[in-house]
Amino acid sequence: MKRPPLLPCLPGYNFDSKIGQTKFNRSQQFDKIHDGVYYLSEKLKSGIGGESSPFTRPSRYPSIYPRGEDQVLPPWLAFDGQRLMFKAYFQETVQERWEASFQIRVVTISFFLEDGTIKVSEPAVDNSGLEQGVLIRRQRIPMPDPVRYRFYDILDLNVGKEPEFFGRVYKIVDCDKFTRRFLNRIGIPVPDPIDIPTDPYIERRKTEIFPKKPNRKIDSLGKFLKFDRKILRFYGYWDDTESEHGVIHDLEIHYYLADDTIEIKEHVPPNSGRDTGFMFLRRMKIPKFFSRIEPIGAEDPFTMLNVLGENNSKSYYVVDPLDTGRLSRDYYKDNDLIIGAQISVFGRKVVITDLDDFTKKYYSQKYGLDDFTPLERADVKKDKTTCYSVEKIIPPYNGFGSYDDSLGNCFTVTPQAPKVDFVKFYYHDKQGFDSHVLRFRAKMISNIPENSERHFIIRVYLMDDTVSVFELAPRNSGFKRCLFQKRMPVMLPGQNIYTNKKPKYYVPSDFYVGARVNLCGFHFQLTSADIYALRYMELHCDKFPKSNIKLIMEKLRKALKPIYKDFIRDYSPAPMEGDMQIWEYKKLREALCKYLGDNITEQEMITIARHYSSHEKKDFYSREYVRRLVHTELTRFLWDDLDRLTEAIHHWDRSRSGYLPRSELYTILRGCRIPIDIELLNSMLDHLHKNNEGLIDCCDLLRFMNTKIDPVTPVLPVNVKTALWWASEKEPDCGAGMDWCTFLKDLDLKDDENDESFTSAYNASEVKEK
């Protein structure tokens with residue numbers, strides 16, 4: 001039954017609104033997506049019988065912007081996690097306080113866009129006496145209207161409005177930046193913020209907690225946080241020459257900006273006769289005017305008048321708020337310290353002569369000073385302060401023990417073992433199959449016929465330059481196959497060892513094929529060397545000049561230049577099939593002995609024969625295979641730090657040339673902890689491109705190690721410690737023959753046309769005769 005709202009509720013004024021209605025079903029709340037699948041619909045639903053529901057809210061408000069063609073998302077998905085924040089307050093009546101009848105409480109109103117719910121929370125205030133926090137939990141808040149099912153929405157919340165939530169009126173005064181932008185975009189203007197009225201109770205509390213007297217404690221925390229670990233350093237001196245046996249003291253003054261304290265240290269020279277410590281004055285404040293030592297408690301910030309109480313645990317102190325009789329003292333500050341200033345350190349006159357760079361920058365920025373010329377010390381008696389180094393006189397060697405052992409006993413009373421060169425030990429100790437031991441075959445040189453036929457093996461240990469000799473005695477020779485000389489450093493012959501100068505010893509470069517050595521009175525001639533020794537000396541030709549092919553070819557070039565035609569005529573080999581001409585090793589030996597004589601050694605001949613061997617020299621592993629091994633190791637250890645390696649190379653390459661020595665690149669790669677073995681690392685450096693000076697191309701190194709650009713197929717991991725070791729490569733036999741054409745090309749003596757014509761004519765005649 002319904003009636004018009006303006007008619008009285010009397011018989012005859014009511015009528016049935018459902019007269020003639022034929023549909024009485026309720027509308028469905030679920031829609032059908034497809035067969036068998038239903039979902040809860042958010043569309044507007046009609047009431048019973050299809051009539052409009054009086055309490056159905058519209059799904060959305062009209063917008064000033066036209067709706068696009070994109071699919072409209074539901075609000076719980078489009079506005080997920082978004083809310084509008086409003087700042088508001090409400091006035092609460094207080095009956096318990098006579099001085100303030102109300103109080104202002106500030107709250108935050110949150111409107112959640114996804115479902116239209118509202119939450120009201122009050123931020124915590126210290127010592128408020130109220131239970132603050134969430135005042136209204138998140139929910140939909142109905143409006144105080146006679147119409148039911150009407151809730152607060154986005155249009156009801158704005159700056160200046162006064163919504164009523166459950167009987168309490170809130171005044172909205174401000175909103176956050178997101179809320180203001182969101183409302184403006186949907187066409188709702190937002191007024192400017194409104195000031196919150198003052199709370200009389202809060203104002204009264206501020207007056208009560210305000211101190212009745214000023215705080216006498218100086219707050220130094222801010223200065224400490226600003227100037228902590230910032231120290232001004234000054235250099236000066238204290239002239240004490242007027243006193244008996246006085247000297248000029250070199251001082252270093254430290255001024256701490258955090259608390260204006262000063263610390264003074266003294267630079268006591270060695271052997272000055274003064275056994276005092278380096279601390280001249282501990283860290284403290286230095287007064288400008290000093291007359292006497294103040295009693296204990298004079299520097300206390302409070303003046304105590306009396307102690308009240310029954311005992312120590314229940315007593316309190318009465319201090320003098322006026323500090324009657326307290327004398328103010330002036331201390332040195334940073335504006336008193338400058339070059340040329342003279343400060344009084346408890347009666348001692350200290351003159352400042354110089355500053356450090358940080359102090360100069362500080363005074364330049366704060367005080368605008370730019371002249372920091374150091375001050376020279378006046379009246380300095382150099383004969384009293386200058387110390388001279390005295391050379392230690394070492395007694396001569398007496399022959400007991402080794403020289404280093406006897407020398408150590410000259411400096412200390414307690415005997416100590418000689419120090420070992422651990423750096424040399426680290427680089428030249430045995431590393432896997434690399435023994436760092438050079439082995440030579442030698443025979444004894446003696447006037448006794450039996451001794452001249454004895455053969456030995458001489459080992460040279462690179463880690464400490466020691467030498468051992470082992471005898472190879474055949475059967476029924478009358479000699480025993482045993483250790484002839486133990487491992488020990490051997491002195492050079494012909495020097496007086498009983499002096500205070502350290503004697504000289506044999507070094508590895510003194511041993512080469514053809515050399516004659518005197519080991520403890522026995523003369524030996526080195527006749528041959530093993531493959532390891534020859535290859536090691538060739539790889540380290542800077543330490544072994546007899547294996548340096550560049551120096552040897554330079555010696556040959558100077559010796560053969562005047563007789564080059566005779567050399568070509570007498571020793572040119574016969575041509576063979578192809579372009580290569582083979583020169584026998586005995587011809588090389590004969591020619592070098594003829595033209596150079598004693599100026600060339602057997603070691604240098606072997607080096608030439610090995611370098612120009614006729615055997616084809618192939619790389620043990622190709623560049624591509626080594627690159628595949630490197631990429632396999634980098635991928636296996638998940639290495640991806642190429643940017644750091646590039647930065648390190650740019651740091652070392654200060655000239656920006658793009659080339660670095662092998663030693664520096666080795667240091668960089670080891671410092672960046674590249675996860676590859678040393679043998680593989682050395683093999684990679686051997687295959688990189690180099691310039692004429694022998695420097696390695698850094699760009700080629702980065703391209704070689706880049707696993708993303710131009711990747712290669714991985715290979716099966718191998719034992720690189722043995723597979724890539726340089727001594728495991730097969731060496732060519734130097735006695736088979738030499739490449740004559742390559743030898744003449746490197747000799748580089750074909751400068752004039754006569755030589756070329758002579759050589760070509762000679763070769764043509766030889767071919768014609770054959």
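None of the figures in this text is laboratory data; all of them are computed from the coordinates on show. Being a predicted model, the structure only gives us computed values, none of them experimental. When we count neighbours, we look across all protein chains shown, and the Cβ atoms used for this are built from the backbone with ideal geometry, even at glycine.
Over 31 Å between C-alpha atoms is what I'm after, so list which of 558/587; 419/486; 419/543; 177/230; 543/565; 504/555 land there.
Working: 558/587 20 Å; 419/486 21 Å; 419/543 24 Å; 177/230 41 Å; 543/565 34 Å; 504/555 28 Å.
Pairs exceeding the cut-off: 177/230; 543/565.
Starting from the Cα coordinates of the stretch 644-685, work out the convex hull volume and express it per residue in Å³.
Spread over its residues, the Cα hull of the stretch 644-685 gives 66 Å³ apiece.
Quick one: net charge around residue 404, please, counting Lys, Arg +1 and Asp, Glu -1 for every other residue with C-beta under 14 Å from its C-beta.
Details: positive: 419, 501, 502, 504; negative: 405, 421, 464, 465.
My count for the surroundings of residue 404 gives 0.
Give, as a single signed number, the net charge of other residues whose beta carbon lies under 11 Å from the beta carbon of residue 364, with Lys and Arg counted +1 and Asp and Glu -1. If you can, show how the numbers build up before the last one.
Working: positive: 360, 361, 366; negative: 357, 370, 371.
Around residue 364, the charge tally is 0.
Can you tell me how much longer the chain between residue 137 and residue 492 gets when fully stretched, taken as 0.36 nm per residue apart minus their C-alpha distance, in nm with one decimal?
Details: separation 355, 0.36 × 355 = 127.80 nm, distance 9.91 nm.
Here the answer is 117.9 nm.
Please list the equivalent ellipsoid semi-axes of the stretch 623-728, computed as the square roots of five times the alpha-carbon gyration tensor eigenvalues, in descending order and whole angstrom. Working shown, then result.
Values: eigenvalues 95, 52, 31 Å².
The answer is 22, 16, 13 Å, longest axis first.
Per q in 0.21, 0.27 Å⁻¹, report the Debye log10 I(q)/I(0) for the stretch 112-164, using one uniform scatterer on each alpha carbon and no solvent.
With no solvent term, the Cα-only Debye profile gives -0.89, -1.13.
When the scattering of the stretch 475-563 is computed by the Debye formula from its Cα atoms alone, each counted once and equally, what is log10 I(q)/I(0) at q = 0.13, 0.18, 0.20, 0.24 Å⁻¹?
Treating every Cα as an identical point scatterer, log10 I(q)/I(0) equals -0.67, -1.01, -1.11, -1.26.
Counting only other residues whose beta carbon sits under 12 Å from that of residue 592, what net charge do I get with K and R as +1, D and E as -1? Don't skip to the answer; put the middle values down first.
Details: positive: 555, 586, 587, 589, 594; negative: 590, 598, 602, 604.
Local net charge: +1.
When the convex hull of the C-alpha atoms of the stretch 83-204 is computed, what volume per residue in Å³ does it have? Walk me through the numbers before you get to the answer.
On the way: hull volume 15.0 nm³, N = 122.
Expressed per residue, the convex hull around the Cα atoms of the stretch 83-204 is 123 Å³.
With only alpha-carbon atoms in the gyration tensor, what are the semi-axes of the equivalent ellipsoid for the stretch 422-545, in Å, largest first? Don't skip to the answer; put the middle values down first.
Details: eigenvalues 122, 79, 37 Å².
Semi-axis lengths for the stretch 422-545 are 25, 20, 14 Å.
So for the stretch 537-577, what percent of the C-alpha to C-alpha distances run longer than 13 Å?
Here the tail beyond 13 Å accounts for 64 percent of pairs.
Between residue 303 and residue 336, how high is the FRET efficiency from 1/(1 + (r/R0)^6) when r is the Cβ-Cβ distance and R₀ = 25 Å? Nearest 0.05.
Details: r = 28 Å, r/R0 = 1.12.
Calculated transfer efficiency: 0.35.
Label points 7 Å out from Cα along the Cβ direction at residue 346 and residue 700: separation in nm?
7.0 nm
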